[in-house]
Structure formats: C-alpha cells, structure tokens
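> Sharing a structure, written as structure tokens. Questions coming.
The values are calculated or read from the model by the stated rules, or taken from the named source; none is laboratory data. Worth saying up front: this structure is predicted, and the values here are computed from it rather than measured. Here the Cβ positions follow ideal geometry from the backbone for every residue, glycine too, while neighbour counts run over all protein chains shown.
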C-alpha cells in the first residue's frame, strides 16, 4: 500500500510551460483526501518549491535544493538541512565558471546568489531566471559563497557541463554532482540527493520504502527511484530514467501525474 508519493516538478508536475493542470491539482487533492501523504521533491530552491505549492493551492512537505533542504510545508519547520562549506572547492567552482563564461546559482541557508555573464537569463528557463533575478548578484563568489551552501547549480551549454564533469567535479571530492537538465548540473554535499532526502522524510513520517511511490523524469530523480517501492517515469523522461522505472506514465503535457495518482487510488500499485 502506498502511503507517500514523492513528485518531481520540472518535466513532471509542471507541463512544458511550467504550469500545473487542473487535472493534476484535482488528482493531488483526491490523494490527500484519501490519507496518502504527498511531497514535492525538486532540484529547485525553497522558493521554487513554495511557488509550486501556491500554484496548487495546497500545503504539504517539500524537499528542495536537490535534496539538501526538507521542510514540513510553507513557513513550517525545517526537518533537515544538509549544507557544505569548503573554501578550496568553492574557489575551483568559481574559477571554472569564469574561464568558461558560465553561470552559478547558489542556494544558501541565509540567502541566494547568482554569478555569471549579464545575459545569463537568456540561457535559463523562465522560472529559474525569475528566481535568479530576485536573488543577489555577486562578482566575488569566492567571498559571498563562503557560507553554508545547500546547493550550487552550474549553468552552461551541455558541452561545457561535460567538460565540468571531467575537470571540475573530479577535483571536488567532498561534493557530488547530478544533471538536473541538459543545461544544469547541481552540486551538493556528498551523500545529499533526492533519494536520501526522501529517506529522511519517510523516517520522519514513519513510512517504509515499500510504501513510497516516486515520480520523475531526469537523472536527478534516479536516487529516489532506487529508494522507493514504486518508481514512475514520465513519457518525456530521459531514456535512463524510463529504463529504471517500474511504470512509464503519459508525458507532463498529457497529465501524466494525474494518470499515476488515479492508478494508485485504484489500488493498482
């Protein structure tokens, strides 16, 4: 029996225009009414997760910053915050970004920052761009990032991100990285990911792995697939994600989340 459903945002609950359909909203409402707990699990920062909850018109636990922050709901207590602060590795990240004219978006305990070229917004999806512009800009990330960080996102063309995997990520042994999209690599503390975050939340709620369903579309979702008893990939998902999933749902533009929730409510899990 499923008691917790972990739902990714981009490419999953969000359609390609970053909206949430009425059908998905209604399905989540029915799930909550049935007594099944639902949680948003996103690579986005706290503001992105809370925006999704406001769009839903609902409050529920959420996991943000690629698994670094777990909250009981909007303006509710922090269940877990796993940050990092390593000067040498921050310097390497900033140096790589400067040399490759790429962007950095940082989620910290005390605030958010962005660093990069003036035209960085042209390379971001609309929601990320809005989030970045509401954050503080820095020209000295080595200084301003010297505080507990939840996540740093490297923004660049895929070719540069592939180079970053070889040149940068291997030089930052206390950090781990994962693709959050074709143009984004998320850097978090070693051991911090969506899967370990879902585990922390599940333990907090007294729920077993076999009682969890996870829905996603990107490689960043694979860790929660591995932990959960039921894993569901969207039709628009990365091939590796679909291969790892138990089910494949319709795409995010075809109410795939609602399809999954209806099957779970019908006892088909």
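> Kindly indicate the residue of segment 133-162 that is over 20 Å from residue 88 (Cβ atoms) and surrounded by 15 or more Cβ atoms within 10 Å (Cβ to Cβ) and also farthest from the chain's Cα centre (by Cα) among those meeting that condition.
Applying the filter and picking the extreme gives 160.
> Can you tell me which condition residue 221 does not meet? The list is (1) touching a residue at least 60 places away in the same chain (Cβ under 8 Å); (2) within 25 Å of residue 33 (Cα to Cα), and all the others hold.
All conditions pass for residue 221, except number (2).
> Another question, then. Within 19 Å of residue 129 (Cβ to Cβ), in the same structural domain as residue 133 (by TED's automatic domain parsing), out of contact with any helix residue (DSSP H, G or I) (no Cβ under 6 Å at 6 or more places or on another chain) and exposed (fewer than 15 other Cβ atoms within 10 Å of the Cβ), is that true of residue 19?
In short, no.
> Are any residues in segment 139-155 closer than 24 Å to residue 125 by Cα and either touching a helix residue (DSSP H, G or I) at 6+ places or on another chain (Cβ under 7 Å) or assigned to a helix (DSSP H, G or I) (or both), and if so, which ones?
Answer for segment 139-155, where residues must be closer than 24 Å to residue 125 by Cα and either touching a helix residue (DSSP H, G or I) at 6+ places or on another chain (Cβ under 7 Å) or assigned to a helix (DSSP H, G or I) (or both): 141, 145, 150, 151, 152, 154, 155.
> Are any of the residues in segment 92-109 touching a helix residue (DSSP H, G or I) at 6+ places or on another chain (Cβ under 8 Å), part of a loop (DSSP other than H, G, I, E, B), outside the structural domain of residue 176 (by TED's automatic domain parsing) and in contact (Cβ under 8 Å) with a residue 24 or more places away in the chain?
Taking every residue of segment 92-109 in turn, none turns out to be touching a helix residue (DSSP H, G or I) at 6+ places or on another chain (Cβ under 8 Å), part of a loop (DSSP other than H, G, I, E, B), outside the structural domain of residue 176 (by TED's automatic domain parsing) and in contact (Cβ under 8 Å) with a residue 24 or more places away in the chain.
> Could you please find all residues in segment 36-63 being free of Cβ contacts under 8 Å to residues at least 24 places away in the same chain and either at positive phi or crowded, with 21+ Cβ neighbours inside 10 Å (or both)?
Result: 62, single match.
> Going by what's in this entry, would residue 251 be described as surrounded by 20 or more Cβ atoms within 10 Å (Cβ to Cβ) and more than 15 Å from the chain's Cα centre (by Cα)?
No.
> When residue 130 is evaluated against the numbered criteria (1) within 24 Å of residue 52 (Cα to Cα); (2) modelled with pLDDT of 75 or more; (3) surrounded by 14 or more Cβ atoms within 10 Å (Cβ to Cβ), which criterion, by number, is the only one it fails?
(2)
> Here is a follow-up. Which of the numbered conditions does residue 213 fail, given that it passes all the others? Conditions: (1) closer than 17 Å to residue 42 by Cβ; (2) surrounded by fewer than 17 Cβ atoms within 10 Å (Cβ to Cβ); (3) assigned by TED's automatic domain parsing to the domain that holds residue 51.
Going through (1) closer than 17 Å to residue 42 by Cβ; (2) surrounded by fewer than 17 Cβ atoms within 10 Å (Cβ to Cβ); (3) assigned by TED's automatic domain parsing to the domain that holds residue 51 one by one, residue 213 breaks only (2).
> Among the numbered criteria (1) in a strand (DSSP E or B); (2) more than 19 Å from residue 239 (Cα to Cα); (3) touching a helix residue (DSSP H, G or I) at 6+ places or on another chain (Cβ under 7 Å), which one does residue 176 miss?
(3) is the only condition that residue 176 fails.
> Here is a check on your reading of the model: is residue 74 crowded, with 24+ Cβ neighbours inside 10 Å, assigned by TED's automatic domain parsing to the domain that holds residue 222 and either in a strand (DSSP E or B) or out of contact with any strand residue (DSSP E or B) (no Cβ under 7 Å at 6 or more places or on another chain) (or both)?
For residue 74, the condition - crowded, with 24+ Cβ neighbours inside 10 Å, assigned by TED's automatic domain parsing to the domain that holds residue 222 and either in a strand (DSSP E or B) or out of contact with any strand residue (DSSP E or B) (no Cβ under 7 Å at 6 or more places or on another chain) (or both) - is not met.
> List the number of the failed condition for residue 68; all other conditions in (1) under 28 Å from residue 6 (Cβ atoms); (2) touching a helix residue (DSSP H, G or I) at 6+ places or on another chain (Cβ under 9 Å); (3) surrounded by fewer than 18 Cβ atoms within 10 Å (Cβ to Cβ) hold.
With (1) under 28 Å from residue 6 (Cβ atoms); (2) touching a helix residue (DSSP H, G or I) at 6+ places or on another chain (Cβ under 9 Å); (3) surrounded by fewer than 18 Cβ atoms within 10 Å (Cβ to Cβ) applied to residue 68, the lone miss is (3).
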